[in-house]
Amino acid sequence: MKKILVIATFLIATVSFAQNKNAKASFEVDGVCMMCKDRIEKACIKTKGVKSANWNVQTHELRLIYNEGKTSLDDVKKNILAVGHDLKDIKASDEAYNSVHPCCKYRDEEVKGDHK
């Protein structure tokens, strides 16, 4: 019985230490302006475990620092999609996209041109 407790304690300790509390990630998120930047970053920060989110308007790169023990990249991505922004490989629902401000309609070529 004592061996089982020691092994269980070791496994729990290993799992908790294996999770990076300052994991870094970056990926592409569509948007065109500073309002998009605010919306994207707020969606990330509202995700429990995200410590830092910085989206670049020109490159569309989102850089994150997050606690892997509290959240996953999938959770962060779901929150970004929910506020109407596409990821490189996943599009936000039409309902979410239509909720963004008219100047933020990044799928519209005319709007993109207005922000250059």
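The values are calculated or read from the model by the stated rules, or taken from the named source; none is laboratory data. This one's a predicted model, so the numbers in the text were calculated from it and none came from an experiment. Cβ: placed from backbone, ideal geometry, glycine included. Neighbour counts: every protein chain shown.
Identify, from the list Glu95, Glu109, Glu68, the residue that is farther than 16 Å from Glu28 by Cβ, acidic (Asp, Glu) and surrounded by 13 or more Cβ atoms within 10 Å (Cβ to Cβ). Sole residue among the options that is farther than 16 Å from Glu28 by Cβ, acidic (Asp, Glu) and surrounded by 13 or more Cβ atoms within 10 Å (Cβ to Cβ): Glu68. Take Ser16 and tell me if it is modelled with pLDDT of 95 or more and either touching a helix residue (DSSP H, G or I) at 6+ places or on another chain (Cβ under 9 Å) or of a type outside the set (D, E, K, R) (or both). Here the answer is no, as Ser16 does not meet what is asked. Selection over region 36-63 of residues that are surrounded by fewer than 20 Cβ atoms within 10 Å (Cβ to Cβ), more than 11 Å from the chain's Cα centre (by Cα) and hydrophobic (A, V, I, L, M, F, W, C) gives a count of 1.
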